[in-house]
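Single-structure report; data block below.
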Amino acid sequence: MCFLRRSMSIRYSIGESGQFLTLEQNVLDYFVGWRQLDKKMPEAGGQLFGVVEGQCIKVKLATGPRRSDRRGRFFFIADRLSERREISALHKSGLHYFGDWHTHPQSIPTPSGTDLSSMADLFARSKHDLNAFLMVIVGTAGPPKGLHVSLHEASAWSRLEAEIRV
């Protein structure tokens, strides 16, 4: 069973699998710090890393944005070469790549067609052992309402709903 510890986290049930995804407090704090609250703020984004402990998939680290990313009010284009290097370095320290995050200047974010197609393409073209990649879109509202959390395969995706916050 996936138990939440002292710090505040958000947990998401992953379908009928019996697994849970947990966004840990430091990751939530990181997202909150990048929200596009000012009309001049460009989108931000990066990668999500963590560990698997039994039935619990714990997102422990969010990275980015980096100087080499391309950013505008309504777009974020990651430097994929730098991201591949980051995946390799963090894997050596025991953290696994789970997916990507980025911001939208919406209170309650929804994925764009570009978001959906880029995640499908990323999943299909990457070497990995995952059943799906994780995408988190950070809106201007606070978590959990201001987060869109979804799992993406090459030809399908599903949104996860926050189960508990403690």
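Just so you know, all these numbers are worked out from the coordinates, no wet-lab data involved. Model, not experiment: these values are computed from the prediction. Cβ atoms come from the backbone with ideal geometry, glycine included; neighbour counts cover every protein chain shown.
Taking K and R as +1 and D and E as -1, what net charge do the other residues with C-beta under 9 Å from the C-beta of Met135 add up to? Residues close to Met135 contribute a combined charge of -2. PRE reach from Ala154 (point 7 Å along Cα→Cβ): which of segment 108-145 fall under 18 Å by backbone N? Within reach of a label on Ala154, which here means backbone N under 18 Å from a point 7 Å along Cα→Cβ, segment 108-145 contributes 116-134. Of the beta bridges in segment 10-165, as assigned by DSSP with both residues counted there, near 80 percent are antiparallel.
Per residue, the convex hull around the alpha carbon atoms of the chain comes to 111 Å³. Label 7 Å along Cα→Cβ of Phe75; segment 102-117 residues with amide nitrogen under 16 Å? Hits in segment 102-117 for Phe75 at 16 Å: 103-105, 112-117.
Annotation for segment 1-98: GluC sites (Glu not before Pro) lying in DSSP loop with at most 14 further Cβ atoms inside 10 Å of their Cβ are Glu16.
The loop-placed GluC sites (Glu not before Pro) in segment 109-166, going by DSSP, that have at most 12 neighbouring Cβ atoms within 10 Å of their Cβ come out as Glu161. Please return the longest stretch of the chain lacking exposed loop sites, where chymotrypsin sites (Phe, Trp or Tyr not before Pro) count only if DSSP places them in a loop and at most 12 other Cβ atoms lie within 10 Å. With a cap of 12 other Cβ atoms within 10 Å, the longest stretch comes to 75-166. Remark: segment 10-165 carries a charge dipole of roughly 540 debye about the Cα centre, counting +1 on each Lys and Arg Cβ and -1 on each Asp and Glu Cβ.
Model label sites at Asp121 and Met8, defined 7 Å from Cα along the beta-carbon direction, differ in position by 3.7 nm. Projecting the Cα atoms of Val59, Leu21, Leu151 onto the charge dipole of the chain (Cβ charges, centred on the Cα centre) puts Val59 farthest toward the positive pole.
Of all aspartates and glutamates in the structure, the ones whose alpha carbon falls short of 19 Å from that of Lys40, not counting any fewer than 8 places away in one chain, are Asp69.
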